[in-house]
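Got a structure here, written out as structure tokens. Questions coming.
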Amino acid sequence: MITPRITMTRMHFGFNFLLLIAATSIKGNQQISKRTAQPVDVLRLAPEEEMAHFVNQSRMVTCSHANQEVRLRWRNPKNAIISEAKGRVHIEDKGESLALIFEAIARTDQGNWTCEVDADGTATVTEGRVTVPPLRKSFKMIVYEPISFRDTSTVQTAVEDKDATIRCEVKGHPEPSVSWYFNGQPLFFTHNGRYSKLADGMSIKKVVQNDSGEYTCKAFQISATGSSFEEKTIRLNIKHKPYLPARKTSVSDAYGYVGGVVNLTCEATAEPPANFTWSANNKKLTPKSHIIYTGRHVSMLQIMIKTSSIFGKYKCEAKNELGTVTQEIHLKEGTKPDPPSLFQLRGVNSDTLDIDVGATKSHDIPPDPTTVIGYRFELMPMDEYLKSRSWDRASRRDFDVADGATYLLVQLIPDTKYIIRVAARNAAGLSDWTEVKEFSTHPLQPHGMSAGAKPTDMCFTFVCWLLAVAFPAALSITHHRFAADLTLRGRY
């Protein structure tokens with residue numbers, strides 16, 4: 001009986017020993033686990049969410065630790081430590097947090113920015129010699145670049161008959177899509193067409209003058225936060241040599257008469273604009289000795305014909321860096337026309353005078369240089385003329401001749417007396433002026449009143465309308481209402 005008791009005691013002791021070892025092991029693992037486990041939410045970022053920004057915007061992100069004694073630091077997307085306290089991207093110690101400051105965000109800032117516990121805070125577990133990495137937290141910076149046009153001039157040039165490039169460099173992130181328009185109409189780019197789209201613009205093969213105009217570069221950008229649209233209009237000028245207008249020939253005739261004045265006109269379109277020079281009998285004519293008016297694409301030589309020796313050949317040359325064109329004008333002696341034999345008023349209202357000068361158009365082909373081809377009117381209010389006794393400030397109206405035509409002098413002042421004179425015009429110049437005549441415009445009339453009508457006439461017409469139309473209609477309406485009323489009363 002004694003032996004079994006000893007065996008049970010030993011078994012009880014062994015079981016307890018195993019329990020002790022197990023408990024010791026669990027407690028030791030718990031201690032190691034407590035040493036190696038990282039605290040939850042001891043490192044915080046504010047703001048924490050992923051954010052999108054545009055280039056040149058600013059931003060501040062703070063990083064804080066539950067233990068304010070712990071040292072923190074920031075790393076950029078390239079894993080470099082940020083140590084600068086000033087500059088575009090720098091850090092600032094706020095006491096309870098370490099702030100990362102972006103004064104002007106750049107495209108290169110895109111990526112993950114990380115806040116971590118300084119290396120001096122790295123801990124080790126001596127039992128297992130396990131090194132605990134620094135505690136860290138990151139945020140993702142997304143950087144958008146708005147649409148911009150770089151090195152894009154609003155006026156560009158190309159040379160005729162050569163390939164041209166219209167520069168329009170569009171930048172942005174996400175990358176914008178670009179389309180082109182010419183004078184408001186869309187351009188289509190085909191494999192073998194004249195237009196080709198380039199990374200920084202577009203090209204045109206062998207440009208012509210018709211390629212001159214406005215080209216619009218339109219950029220469209222789509223991002224996670226929305227979309228944007230921008231456009232740039234570019235004026236393309238085609239540089240070309242001078243050309244005479246289609247209606248002009250290289251040799252033409254002009255007419256004048258002794259004692260008169262003639263204007264010889266030379267036109268040539270060019271880009272850049274041409275320089276004009278005049279000559280006669282191989283002698284250059286200068287503004288010092290002659291009256292020369294020059295515009296962008298035209299030059300006019302005014303000649304006082306004092307003697308018949310002035311008649312002859314005159315040459316105009318238009319020249320720029322790309323070429324030259326010449327025009328020869330033969331100045332011939334013509335006949336001074338007679339002034340109009342008829343000069344009378346045909347009609348008048350408050351702002352218009354209708355004048356008849358007995359115009360008759362010639363149907364000769366070619367026209368005779370002596371034939372009247374038009375008329376010139378000069379007019380001014382009498383009051384204005386009396387102040388200066390001069391026609392220098394007179395209004396001038398030029399008309400071409402037409403069979404049986406009368407000429408309307410419009411946009412005049414109501415109720416005003418005008419003085420008017422007329423001259424005939426043929427290829428050689430103007431006739432003498434007719435005698436001066438006086439014509440007056442009518443006063444302004446009330447709306448709906450014809451010229452010459454009197455207010456009493458209007459009043460009488462209104463009374464007649466009342467008696468003839470309005471009053472009988474009112475009586476008829478009253479009669480029908482009275483009859484209807486009687487009918488209703490009879491029913492009820």
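The values are calculated or read from the model by the stated rules, or taken from the named source; none is laboratory data. Since we're looking at a predicted model, the values are computed, not measured. Virtual Cβ from ideal backbone geometry, glycine too; neighbours counted across all protein chains shown. Ligands, DNA and RNA are stripped out before the accessible areas are found, and what is left, the full protein with its side chains, is counted by its heavy atoms. Shrake-Rupley method; radii C 1.70, N 1.55, O 1.52, S 1.80 Å.
Show the residue pairs that are 6+ apart or on different chains and have beta-carbon atoms under 6 Å apart, the first residue being within segment 64-87 and in the same structural domain as residue 111 (by the TED database) and free of Cβ contacts under 8 Å to residues at least 12 places away in the same chain, the second being open to solvent by less than 80 Å² (accessible area, probe 1.4 Å) and charged (D, E, K, R).
Between residues of segment 64-87 that are in the same structural domain as residue 111 (by the TED database) and free of Cβ contacts under 8 Å to residues at least 12 places away in the same chain and residues that are open to solvent by less than 80 Å² (accessible area, probe 1.4 Å) and charged (D, E, K, R), the close pairs are 81/73; 81/75.
Taking strands (runs of 3 or more DSSP E) that fall entirely within segment 280-335, which contain at least 1 residues that are in contact with a strand residue (DSSP E or B) (Cβ under 7 Å, 6 or more places away or on another chain) and of a type in the set (Ser, Thr, Tyr)?
The qualifying strands (runs of 3 or more DSSP E) are 291-294, 298-304, 312-320, 323-333.
Output the residues belonging to segment 229-265 that are open to solvent by less than 40 Å² (accessible area, probe 1.4 Å), touching a Phe, Trp or Tyr at 6+ places or on another chain (Cβ under 9 Å) and over 17 Å from residue 330 (Cα atoms).
If the condition is that a residue be open to solvent by less than 40 Å² (accessible area, probe 1.4 Å), touching a Phe, Trp or Tyr at 6+ places or on another chain (Cβ under 9 Å) and over 17 Å from residue 330 (Cα atoms), then 234, 236 are the ones that fit.
Condition first: surrounded by fewer than 18 Cβ atoms within 10 Å (Cβ to Cβ) and touching a Ser or Thr at 6+ places or on another chain (Cβ under 9 Å). Now tell me which residues in segment 156-178 satisfy that.
Listed by number, the residues that qualify are 156, 163, 165, 167, 169, 171, 173, 174.
Inside segment 65-118, can you point out the residues that are among the charged types (D, E, K, R), open to solvent by less than 30 Å² (accessible area, probe 1.4 Å) and under 47 Å from the mean Cα position of the chain (by Cα)?
Matches in segment 65-118: 109 only.
What residue, of 303, 291, is open to solvent by less than 60 Å² (accessible area, probe 1.4 Å) and not assigned by the TED database to the domain that holds residue 158?
Of 303, 291, the one residue that is open to solvent by less than 60 Å² (accessible area, probe 1.4 Å) and not assigned by the TED database to the domain that holds residue 158 is 303.
When you scan segment 360-390, how many residues do you find that are under 19 Å from residue 423 (Cα atoms) and of a type in the set (D, E, K, R)?
The qualifying residues number 4.
Another question, if that's okay. Which one of 251, 258 is touching a strand residue (DSSP E or B) at 6+ places or on another chain (Cβ under 6 Å), of a type in the set (A, V, I, L, M, F, W, C) and either under 21 Å from residue 319 (Cβ atoms) or touching a residue at least 60 places away in the same chain (Cβ under 8 Å) (or both)?
The match here is 251.
Starting from residues that are of a type outside the set (S, T, N, Q) and at positive phi, keep the ones in segment 149-203 and report whichever is modelled with the lowest pLDDT.
Checked segment 149-203; the qualifying residue modelled with the lowest pLDDT is 151.
Kindly establish whether residue 182 is in contact with a helix residue (DSSP H, G or I) (Cβ under 9 Å, 6 or more places away or on another chain) and surrounded by fewer than 19 Cβ atoms within 10 Å (Cβ to Cβ).
yes
Looking only at segment 188-228, how many residues end up being open to solvent by less than 30 Å² (accessible area, probe 1.4 Å), part of a loop (DSSP other than H, G, I, E, B) and in contact (Cβ under 8 Å) with a residue 24 or more places away in the chain?
1
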